[in-house]
Amino acid sequence: MRSSDAPSSPPYTRPEGFAPKYNASCFCGTIKWQLSEDALDAMYCHCETCQTLHGTPYQWAAVVPKENVYFNQNADKIVFFNSSASDCSEDAPAQDECARGKNEYKLPCKLSCPYCHASFADEGRRMMLMLPPYIHFERDERGKKIVPDAFMAKHHMFYGKRVADM
């Protein structure tokens, strides 16, 4: 299921009075979105799902209300991935009977690009976990990103699952 089948509400439709503050895109630039406000919170997630899907020891994530996000280019190409194990069991006779991994808009889900395969956000019922590396923050004279304080990680989630001490 593509985002054309997703709800006709933010972040897939432009919220009334939406004024972009930040622009973002997947790695290849196919999927583009805007944020109208700073993040409510930011953290490093050490859960095993993030470790496996991102191939890293943790994921840097920022919490943003869905009404503060608008996919302004190629929202119809977004691939949805439901990583929930609730519909899957080891006893299931075939992956076909498991909802995990299918391109289905079922919250919560992860969003990615069909071309570069960048997994750039997690969508919940009211909030999104946006991955700040995909936001086009301003840069200083040396080219280093200037990350606003609201997007700087303030704590760790699932630190007990960490694979490296920080």
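The table below lists the values:
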read-out: Qualifying residues in the range 72-82 (those that are out of contact with any Phe, Trp or Tyr (no Cβ under 9 Å at 6 or more places or on another chain) and assigned to a strand (DSSP E or B)) - the one nearest to residue 30 (Cα to Cα); value: 79
read-out: Residue tally, condition in a loop (DSSP other than H, G, I, E, B) and surrounded by fewer than 18 Cβ atoms within 10 Å (Cβ to Cβ), over the range 129-152; value: 12
read-out: Residue list for the range 7-40, filter: within 14 Å of the chain's Cα centre (by Cα) and of a type in the set (Val, Ile, Thr); value: 31
read-out: Residue that is farthest from residue 77 (Cα to Cα), among those in the range 108-166 that are of a type in the set (A, V, I, L, M, F, W, C) and touching a Ser or Thr at 6+ places or on another chain (Cβ under 8 Å); value: 131
read-out: Of all residues in the range 112-128 being over 17 Å from residue 21 (Cα atoms) and buried (at least 19 other Cβ atoms within 10 Å of the Cβ), the one that is nearest to the chain's Cα centre (by Cα); value: 121
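No lab work stands behind these numbers, since they all come straight from the coordinates. No experiment lies behind these values; they were computed from the predicted model shown. Note: ideal-geometry Cβ built from the backbone for every residue, glycine included; neighbour counts use all protein chains shown.
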